[in-house]
Amino acid sequence: MATDGADFGRSKACYGKAYTALRLGMNDSDVAESIISGIEREIKWEKGAPAFRPAIDAIVLASMQGFQTGAQLLLSAADRLARDYSDSPASRRICDALLKAGLESLHNRHVLSKDAAAEQILAHLVKCRCDAMSGYATKHRTRSVPDTQALIESIYRKAQSSSAFRGLSIRMLNASDTGLPAKAEKPRQIDHSITALKSISLENPL
């Protein structure tokens, strides 16, 4: 089990930029993207989140059932994943996300795709990290609990609507067997050579 010192070191390494951005009053989108980057760093710090992909499958399957059957499937899946991946520090957070995201989908009668399930798990991880920053935000920025609540909610919404969030959810959906996110695709390089420029059609430049 990690010590308090190890937890502090991990938090500082993974989320230090997000806390700094929060304290300096940077805009909510910047803080949100720092949190998402921090979640990816934390997953890598912990050498993967192998329970993530099985949790996606469990949520998708449960969402196809009625509430009682689906809820039982979620509970069984969470217990199984907690046992199977007990060596992974991320498993507790993933199982918690599995239950909350899955029960929410059942309550709303939403049958989820794998893409949607991955986003819901990631959204829960983001929400937990945002909530963990509340006390710091009140002390170092807002000096007001209601203002902090509004700020944290705004950061959470910005995170969910960002391209970084979508990108990480896709890469976790396609994670390795050890639960490390797939590598981000490199942007296509534009050939600026004279030969390439001459070959571009003016009617259809793309």
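Derivation of every value follows stated rules applied to the coordinates shown; laboratory data play no part. Predicted model, so just to flag it, every value in this text is computed and none were measured. So basically every Cβ, Gly included, is an ideal-geometry build from the backbone, and we count neighbours across all protein chains shown.
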- Query: Per-residue ellipticity at 222 nm for the chain, helices alone: DSSP H runs ≥ 4 residues times -39500 (n - 2.57), over residue total, nearest 500 deg cm²/dmol?
  - Reply: -22000 deg cm²/dmol
- Task: Using θ = phi - 60° and the Karplus relation 6.51 cos²θ - 1.76 cosθ + 1.60, list the HN-Hα couplings for the stretch 143-159 in order, rounded to whole Hz, with x at every Gly or Pro.
- Result: 6, 8, 5, x, 5, 5, 4, 5, 5, 5, 5, 5, 4, 4, 5, 4, 4
- Under unit Cβ charges (Lys, Arg +1; Asp, Glu -1), what dipole magnitude, rounded to 20 debye, does the chain have relative to its Cα centre? 340
- Message: With θ taken as phi - 60° and the coefficients 6.51, -1.76 and 1.60, list the Karplus ³J(HN,Hα) couplings across the stretch 45-55 in order, rounded to whole Hz; mark glycine and proline as x.
- Response: 4, 8, 6, x, 10, x, 7, 4, 5, x, 5
- Item | Expected-Rg normalisation [2.2 N^0.38 Å, Cα atoms] applied to the stretch 1-104 | 1.27
- Query: Once mean projected area of the Cα convex hull in nm² is worked out from the coordinates, which option in [x] 12.8; [y] 11.9; [z] 15.9 does it equal?
  - Reply: [z]
- Query: Rounded to the nearest 0.05, what FRET efficiency do VAL111 and ARG157 have when you use their Cβ-Cβ distance and R0 = 35 Å?
  - Reply: 0.90
- Hey, if you put +1 on the Cβ of every Lys and Arg and -1 on every Asp and Glu Cβ in the stretch 4-173, which of LEU98, ALA82, ALA132 ends up farthest toward the positive end of that dipole? ALA132
- Message: Can you list residues from other chains, or at least 5 along the same chain, whose modelled amide H is less than 5 Å from the amide H of GLY179?
- Response: ALA49
- Message: Through the Karplus equation 6.51 cos²θ - 1.76 cosθ + 1.60, θ set to phi - 60°, convert the phi angles of the stretch 167-177 into ³J(HN,Hα) values in whole Hz; use x for Gly and Pro.
- Response: x, 5, 5, 5, 6, 6, 4, 9, 5, 6, 4
- Task: For a footprinting-style exposure proxy, rank ARG83, ARG93 by other Cβ within 10 Å, fewest first.
- Result: ARG83, ARG93
- Measuring from its Cα centre, the stretch 105-166 shows a charge dipole (+1 at each Lys and Arg Cβ, -1 at each Asp and Glu Cβ) which, in debye to the nearest 20, is 100
- Query: Between THR178 and SER134, what length in nm is gained on full extension when 0.36 nm per residue of separation is reduced by their alpha carbon distance?
  - Reply: 12.7 nm
